[in-house]
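Single-structure report; data block below.
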Amino acid sequence: MAAMTCRATDVALRLEVPRDAAGDLHAGVRSRLARHDDIEVLDVDVVGLQPRLNDLMVEVEASVRLAPDATLSDLTGIVGVHEARPA
């Protein structure tokens, strides 16, 4: 059985984080991105924040590890993630 080789990459994201998310803003971002099994968040740096009625629109630069068959476009398939592009 061959070992799976994951790859790390830097990505710029724009996503929604609920105001009542457990923990701090970084934990809210990690929680949102953890909804995809093929993506592991290594580091998060918040670079923009826009409060809205029920949530926060957050711009982040993150380092993530992707499974071999995952792509950056998979991130936009997560509910609440509006944009994902290479950083």
Given the conditions (1) exposed (fewer than 15 other Cβ atoms within 10 Å of the Cβ); (2) in a helix (DSSP H, G or I); (3) charged (D, E, K, R), every one holds for Asp74 apart from (1)
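Can you confirm whether Asp38 is without any contact (Cβ under 8 Å) to a residue 40 or more places away in the chain and surrounded by 12 or more Cβ atoms within 10 Å (Cβ to Cβ)?
Details: without any contact (Cβ under 8 Å) to a residue 40 or more places away in the chain: yes; surrounded by 12 or more Cβ atoms within 10 Å (Cβ to Cβ): yes.
Considered against the rule, which asks whether it is without any contact (Cβ under 8 Å) to a residue 40 or more places away in the chain and surrounded by 12 or more Cβ atoms within 10 Å (Cβ to Cβ), Asp38 comes out as yes.
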With criteria (1) free of Cβ contacts under 8 Å to residues at least 40 places away in the same chain; (2) outside any loop (DSSP other than H, G, I, E, B), Asp69 comes up short on (2)
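Condition check: in a strand (DSSP E or B) and either surrounded by 13 or more Cβ atoms within 10 Å (Cβ to Cβ) or not small (Gly, Ala, Ser) (or both). Does Ala12 satisfy that? Explain how you work it out, then say what you get.
Details: in a strand (DSSP E or B): yes; either surrounded by 13 or more Cβ atoms within 10 Å (Cβ to Cβ) or not small (Gly, Ala, Ser) (or both): yes.
Spelling it out, Ala12 is indeed in a strand (DSSP E or B) and either surrounded by 13 or more Cβ atoms within 10 Å (Cβ to Cβ) or not small (Gly, Ala, Ser) (or both).
Throughout, read-outs are computed from the coordinates displayed, never taken from laboratory work. Keep in mind it's a predicted model, so treat the numbers as computed, not measured. So basically every Cβ, Gly included, is an ideal-geometry build from the backbone, and we count neighbours across all protein chains shown.
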